[in-house]
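Rule-based calculations on the coordinates, nothing more; no lab input. This structure is a prediction, so every number in the text was calculated from the model and none was measured. Neighbour counts are summed over all protein chains in view; Cβ atoms, including those assigned to glycine, are modelled from backbone coordinates with ideal geometry.
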Amino acid sequence: MNTKKTFAVIIFIMGFLFVSNAQPMPVKGSAETEALAQKLVNQCANIQEGEFVMISGGVRDLELLENIVINVGKLGAFPILTIGSDRMNRRWVTEVPEKYDSRVSESDLKMFGFVTAVINVDYSEAIGLFADIPPERFVTRAKANEPVNELIEKRNVKGVNLGNGLSPTEANAKQYGLSLNELSDLFWKGVNVDYSKLEATGKAVQTVLSGGKEVQITNPNGTDLKMRIEKRPVFVSDGVLSADDLKKGFAASQVYLPAGEAYLSPVPGTAEGTVVVDRQFYQGKEITGLTLNFKAGKLTSMTAKSGLEPLRKMYDAAGTGRDEFAFIDLGLNPNVSIKPGSKLVAWMPAGMVTIGIGNNVWAGGENKTPYSLASFLPGSTLKVDGKVLVENGVLKN
């Protein structure tokens, strides 16, 4: 299962059923670290004087986190630094009594009663860290965290997430069939995209989708899916939180870096057809030939050529709303391309089409179930009212 999009502000690892492949953020030196911190605080998060800003990350990124704290302070805002680690998260799940899984986090409720923004640096190095944990525990914990998630959405807490499933680590590089240098180069090119051009591309795609009534997604692998999108809000993650973005609510107040996505939730109950996912990663393992069938906006069957069992167990344990078609996401970033022969899948490469089931609050939808599954469809064609927007994985603009 690929992550998208956890509320940036959810810190406790079992609070959501999004299964994260978040990775640590290697930054080359002090100058780059300071420049990145300034970009995150000033451009991406648009922090203002008087804000309460939670900064979260891992021990290995301490210099970057410290620089973020200082840059928040320079603006007259109030930083709150939280530190996590794979070791701590693993021990929490295996050593803290299971009876506490169902307890609502009163500390989070108090914290997010005043926090206005979160800057999160993905830090986990482990893929499949919780593969041996029973799915029911995640379901219980996610249920307990629903009041926290609702508060975050209600208060429109803005978030900046650095990583977006593409962070250059040995584990990610191995999974994607790339060298660490190749993945690192790809990541930094994505982060350092021309944001003015990315914004222009996002607005053009947003205009097409906003004016459309029906979307069709096809792929030579057998994918053929249609849905209605009329009068549905379209959001763009272009790396910058503007004043206009913040007026549009929670879904428009989140930034995912490397940036470059346009996304929406379709008219509920309208998704019809079949999606074939050539490659789906879940808990560090590969699922091949995943086939999802939809009728009246709901998943009616899930099969695969291999590797389905762990994903199926999590899906079966999840609650109401898990089967609802959730969103369409289009990649916009021209600096992120998929190397032929690699297994790389990511949100932001220009022309990538991603669909999902379950939670879609982050995409402007109404389904608040804490379960989400995102599936990448490289090489797809997407038409809006018959007009090609993406052709064989190439964005037309």
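Things to note:
- Computed E for S179/K305 - FRET, C-beta separation, R0 35 angstrom, nearest 0.05: 0.80
- The helix-based estimate of mean residue ellipticity at 222 nm for the chain, built from -39,500 (n - 2.57) per DSSP H run of four or more residues and divided by its residue count, is -7500 deg cm²/dmol to the nearest 500.
- Neighbour net charge for E146 - beta-carbon separation under 11 angstrom, K R +1, D E -1: +1
- Vicinal HN-Hα couplings computed from phi for the range 111-125 (Karplus, 6.51 cos²θ - 1.76 cosθ + 1.60; Hz; Gly/Pro x): 4, 7, x, 10, 4, 10, 8, 10, 10, 10, 10, 4, 10, 5, 9
- Sites K99 and K143 - FRET efficiency at Förster radius 22 Å, r taken between beta-carbons, to 0.05: 0.95
- Summing +1 for each Lys or Arg and -1 for each Asp or Glu among the other residues whose beta-carbon sits under 10 angstrom from that of E230 gives +2.
- Taking 0.36 nm per residue of separation and subtracting the Cα-Cα distance, full extension of the segment from Q48 to T274 would add 76.8 nm.
- Here's how it looks for T291: its modeled amide H is under 5 Å from those of V277, T303, A304, which are all 5 or more places away or on a different chain.
- Out-of-range pairs (alpha-carbon distance over 30 Å; input K154/K231; K285/K339; K39/K387; K174/K387; K110/K247): K39/K387; K174/K387
- Put simply, when 361-369, 340-348, 158-166 are sorted by average Cβ atoms within 10 angstrom per residue, most first, you get 158-166, 361-369, 340-348.
- The range 302-397: C-alpha pair distances exceeding 15 Å, %: 67 percent
- Calculated P(r) of the range 169-291 - Cα pairs past 20 Å, %: 61 percent
- Derived scalar couplings ³J(HN,Hα) [the range 170-175; Karplus, 6.51 cos²θ - 1.76 cosθ + 1.60; whole Hz; x for Gly, Pro]: 4, 5, 5, 4, 5, 4
- The chain, relative contact order in percent, only Cα pairs under 8 angstrom and at least six apart counted: 17 percent
- Too-long pairs where the Cα-Cα distance tops 24 Å, listed order kept, from K74/K189; K305/K343; K295/K383: K74/K189
- Each Lys or Arg adds one and each Asp or Glu subtracts one; over the other residues with Cβ under 11 Å from the Cβ of K295, this totals -1.
- Integer Hz, Karplus 6.51/-1.76/1.60 couplings in order for the range 326-342, x for Gly and Pro: 10, 6, 10, 10, 10, x, 10, 7, x, 7, 10, 10, 8, 5, x, x, 7
- Whether the chain is rounded, prolate or oblate, judged on the alpha carbon gyration tensor where a/c under 1.5 counts as rounded: rounded
- Pairwise FRET efficiency - E366 versus F114, Cβ, R0 = 22 Å, nearest 0.05: 0.25
- Remark: spin-label model distance N192-F78 equals 3.7 nm, labels positioned 7 Å along the Cα→Cβ axis.
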